[in-house]
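The values are calculated or read from the model by the stated rules, or taken from the named source; none is laboratory data. Quantities reported herein were computed from a predicted structural model and do not represent experimental measurements. As a convention, Cβ positions derive from the backbone with ideal geometry for all residues, glycine included, and neighbour counts pool all protein chains shown. Calculation scope for accessible area: heavy atoms of the full protein, side chains included, ligands and nucleic acids excluded. Shrake-Rupley method; radii C 1.70, N 1.55, O 1.52, S 1.80 Å.
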Amino acid sequence: MDTQKKRLWSVAILIMSIGTSNSSGFDVMEEEAWEMVGKKGNQFVVNDKPFYVNGFNTYWLMVFAADESTRGKVTEVFQQASSVGLTVCRTWAFNDGQWRALQKSPGVYDEDVFKALDFVVSEAKKFKIRLILSLTNNWEAYGGKAQYVKWGKAAGLNLTSDDDFFSHSTLRTYYKAHVKSVLNRVNTFTNMTYKDDPTIFAWELMNEPRCTTDPSGDKLQSWIQEMAYYIKSMDAKHLVEIGTEGFYGPSAPERAQFNPNSYATQVGTDFIRNHQTLGVDFASVHIYADSWISQTISDAHIEFTKSWMEAHIEDAEKYLGMPVIFAEFGVSAKDQGFNSSFRDTMFNTVYKTLLNSTKRGGSGGGTLMWQLFPEGTDYMDDGYALVLSKSPSISNIISLHSTRLAIFNSVCSMKCKWGCKKKNALDTFLYHDEL
């Protein structure tokens, strides 16, 4: 354990020893009951205590779990994530009509693949990792809206665009049937229905929804309203998020200055309007300076990332009254001028910006790096993959951030309103130095 980590845990022990008028107390190490994640105002809570997220993406877990020869990689990635304190994983709960499909055709499922998803959920719980389960894709990988349109055409529907997924009543019905199947699935490993399982942090409507055929945003907004309400009608316990990238749209033209480019205003999403939808519990934002601005590494990427995050945290507080998770961020090793030092700087920037919100009880709810891989899966690397054993500097940065959040999460119950002596001791240590 390095010197900085030792100091953190020393402070954790110090904080535990400080008296407080709040009777709840805390113990960084204590075993909490496995309860559902909820939210109070603009913060996530578990057992009435704050729950700030340091997490990761590994989208392919279900597909790997479906094959006995690769199933062990699921356990490996959870074990490695747990070893650096990561507590939330975002992964796919869909594979539409593709190789090793979960949903082979509308409403028809491969039971072996569903059992693989069961395994992913049960294995996550063993490592105290919660899951954000995404329910379909905007992109063609793993099927997504394009596959739903193919199914519709095969059924004789008159469809002219993949964006008809959002508006055609039959395709909406297909999607809702999938949602119902997943939410009501009884896990064959735990015998628990998904919609009752606290291992699931949240449902995500779609990975990176866009509707470029309607830049006004009305078509996508209607779909979000219907689907968020539909999920909540079946499952009022779990949180729901949309899965958007965070682009500002027509409802907030003054915020368009924060978009990475002018095209971002034309993709049919509208960050503030979308997240004011009834049934949506928290906001999602992605960060890809290297694909949105320039694939050549530069300081502009760092500047954009900081302003992008701060703008969305401010909007989540001012207009939405909800937490925001930066659900994908990373740096591709394929970028021109890439070096590990720049990646370290990017991660530190993301984590520091998040902690600046945490310090004041703001809307910054957490971050999910893209993406964590175990050893032996390099052939699937899109450039962003991180294998912790091969990236010691990033591993240390992630671990330090996890430790800081774990201590903060254990300060006291929400009833304390951050007013106890433990909070003062924590502030003194966690935020006086630069990351």
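Any idea what the relative contact order of the range 208-268 is, in percent, if you count C-alpha pairs under 8 Å spaced at least 6 apart? Value for the range 208-268: 51 percent. Rolling a 1.4 Å probe across the protein heavy atoms gives the chain an accessible surface of 38 Å² per residue.
Against the criterion of solvent-accessible heavy-atom surface with a 1.4 angstrom probe, Thr193, Thr136 sort, most first, into Thr193, Thr136. In the chain, what percent of the accessible surface is made up of carbon and sulfur (1.4 Å probe, ligands and nucleic acids excluded)? Carbon and sulfur atoms account for 50 percent of the accessible area of the chain. Only helices enter this figure: runs of n ≥ 4 DSSP H residues, each worth -39500 (n - 2.57), summed and divided by the residues of the chain, yield -12000 deg cm²/dmol at 222 nm to the nearest 500. When the surface is traced with a 1.4 Å probe over the full set of protein chains, Lys49 keeps roughly 30 Å² accessible.
Here the gap between Glu310 and Ser393, fully extended at 0.36 nm per residue and compared with their Cα-Cα distance, gives a gain of 27.3 nm. Within the listed set Ala81, Ala146, Ala33, the residue fluctuating most in the Gaussian network model of the chain (springs between alpha-carbon atoms under 10 angstrom) is Ala33.
Asp112 exposes around 100 Å² of accessible area when a 1.4 Å probe is run over every protein chain in place. For the chain, the average shadow cast by the Cα convex hull is 19.9 nm², which is a quarter of the hull's surface.
From the alpha carbon centroid of the range 280-348 to that of the range 148-191 is 31 Å.
Summary value for the chain: 20 percent relative contact order, contacts being C-alpha pairs under 8 angstrom separated by 6+ residues. When both the range 206-227 and the range 257-272 are represented by their alpha-carbon centers, they are found 13 Å apart. The gain in end-to-end length when the Asp378 to Met234 segment is fully stretched comes to 47.9 nm, 0.36 nm per residue minus the alpha carbon separation.
At 0.890 mPa s and 25 °C, plugging the Kirkwood radius over alpha-carbon pairs of the range 177-256 into Stokes-Einstein gives what diffusion coefficient in µm²/s?
Result for D is 171 µm²/s.
Overall shape: prolate for the range 254-312, with the ratio a/c of the largest to smallest alpha carbon gyration tensor axis at 1.5 or above and a/b above b/c.
Any idea of Tyr263's accessible area? Nearest 10 Å², probe 1.4 Å. Surface open to solvent at Tyr263 totals about 120 Å².
With both labels modelled 7 Å from their Cα along Cα-to-Cβ, the Lys153 to Asp218 distance reads 2.7 nm.
Extension gain for Gln257-Ala300 works out to 14.0 nm (0.36 nm per residue, less the C-alpha to C-alpha distance). Partner aspartates and glutamates whose Cα lies under 14 Å from the Cα of Lys153, excluding those fewer than 8 positions away in the same chain, are identified as Asp162, Asp163, Asp164.
Once you reduce the range 379-394 and the range 99-136 to the center of their Cα atoms, the two points are 24 Å from each other. Using the structure shown, select from Lys73/Lys195; Lys180/Lys318; Lys39/Lys176; Lys232/Lys352; Lys49/Lys145; Lys115/Lys150 the pairs with a Cα to Cα distance greater than 32 angstrom. Correct reply: Lys180/Lys318; Lys232/Lys352; Lys49/Lys145. The convex hull around the C-alpha trace of the range 196-343, projected and averaged over every direction, spans 9.5 square nanometres.
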